[in-house]
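Nothing in this text is a laboratory measurement; each read-out follows from the coordinates by a stated rule. Remember, predicted model here, so these are calculated numbers, not experimental data. Because the Cβ atoms are built from the backbone with ideal geometry, glycine has one as well, and the counts that use them run over all protein chains shown.
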Amino acid sequence: MVIVGGFAAGILMGLLAGLLNGIFLLPMRYTKKWEWENTWLLFSLLSCGVFPWLAARVAVPHLVEVFRSVPLAAFVPGLLAGLIWGVGQVMYGLGCGMVGIAIGSAVISCTAIIAGTLGPLIVYARSQLFSSSSLILLVGMGLIVAGIITYGKAGASKERETAGIGEKQVVAGSFRLGLTICLICGVVGTAFVYGGKSSTGLLVAAKAAGASSLLAFCLPFVVTFNAGAVAGIVFSVYKIKKNNTGINFLSPGTFIWNLSMAAAMGLLWYSALLLYGTASEELGKMGASVAFALFSSGTVLFANLFGWLVGEWEGASRKTIQGFIKGMMFIVCAILLIAFGMNTQ
């Protein structure tokens, strides 16, 4: 079925969300004299602390008054979802540090796409579980998982070929423990979806204040991501203290530039989340699941294409590169299937 109207807009926004999420780390390449934790601290403060408020201020009239008018119970779903999601972000670094980035990111991505597609489908669109649209979506999800597994194998092979040895473990712990952390991380990393969709009290209040039904989610996203910022900030501060890198903030002539890079990262990342949220509303009853499939597949596809362009696959063998291309083709096929094979309206 050819995509039209709001469904077409939702598809495009879901893919654009994946594009922005896939490239949001690029500005980190250009920071000067800072370690990861220096940049990540500012990124966490801006992306999860400041930008959600700015977006909500634009989307929801009388924002502060709306927050004051809702009962405390309305904040609970967003707070819980945000705290869980924030822990998942820290687990990402720990899990990949134990099993390696290639394997870890593939396992996390596979688990996330399964949880992020099936979970919202069961919770918010149970009546659609056995529809033809659900079947198409599940086939698409299977193609995405197949693509990620194929890419993950190629990525692991590339690491061995370009480094000459297996990837160095950067976090102490057994492979089994690291794999377990990655599996859990993939699931809890989708918690932000429920923070936006299940905060019904905040959604109702936002719409009553005059917010568009497409952008009312900006209100619960403030709660979700402000809560989610806690884990990232705490972990960054811990790393700064452990590595004695706080002095980096005082490096001459670097703070404004690095702050702008962290801000660019935050703007790209939170814009991706806003586009995901809007796509979720545009795509109808199954919107949360369809948008997540597009968001996740787009993230993997565009992140790896940009990685290719900047030379991350230089030195890999022809067989390994063929595996990379094959994995990306699986994901492209999944995107085309979801975009042209279903309509959730």
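Between the range 17-95 and the range 259-331, the alpha-carbon centres lie 18 Å apart.
Only helices enter this figure: runs of n ≥ 4 DSSP H residues, each worth -39500 (n - 2.57), summed and divided by the residues of the chain, yield -25000 deg cm²/dmol at 222 nm to the nearest 500. Structural descriptor for the chain: relative contact order 44 percent, calculated from alpha carbon pairs under 8 angstrom and at least 6 residues apart. The fraction of all Cα pairs in the chain landing in successive 20 Å bins from 0 to the largest distance is 30, 59, 11, 0, given as whole percents.
Here the range 236-324 is treated as an ellipsoid with the same Cα gyration tensor; its semi-axes, largest first and in whole Å, are 32, 25, 12. When the listed pairs 32/241; 33/239; 158/241; 285/326; 153/242 are checked against a 27 Å cut-off, the alpha-carbon distance exceeds it for 158/241; 285/326; 153/242. Of the DSSP H helices in the chain, those with a Cα length along their own long axis of 24 Å or more and a mean Kyte-Doolittle hydropathy reaching -0.5 comprise 5-23, 76-99, 101-124, 132-163, 218-243, 255-282, 287-309, 318-341. From least to most packed, judged by other beta carbons within 10 angstrom and beginning with the fewest, 329, 261 follow the order 329, 261.
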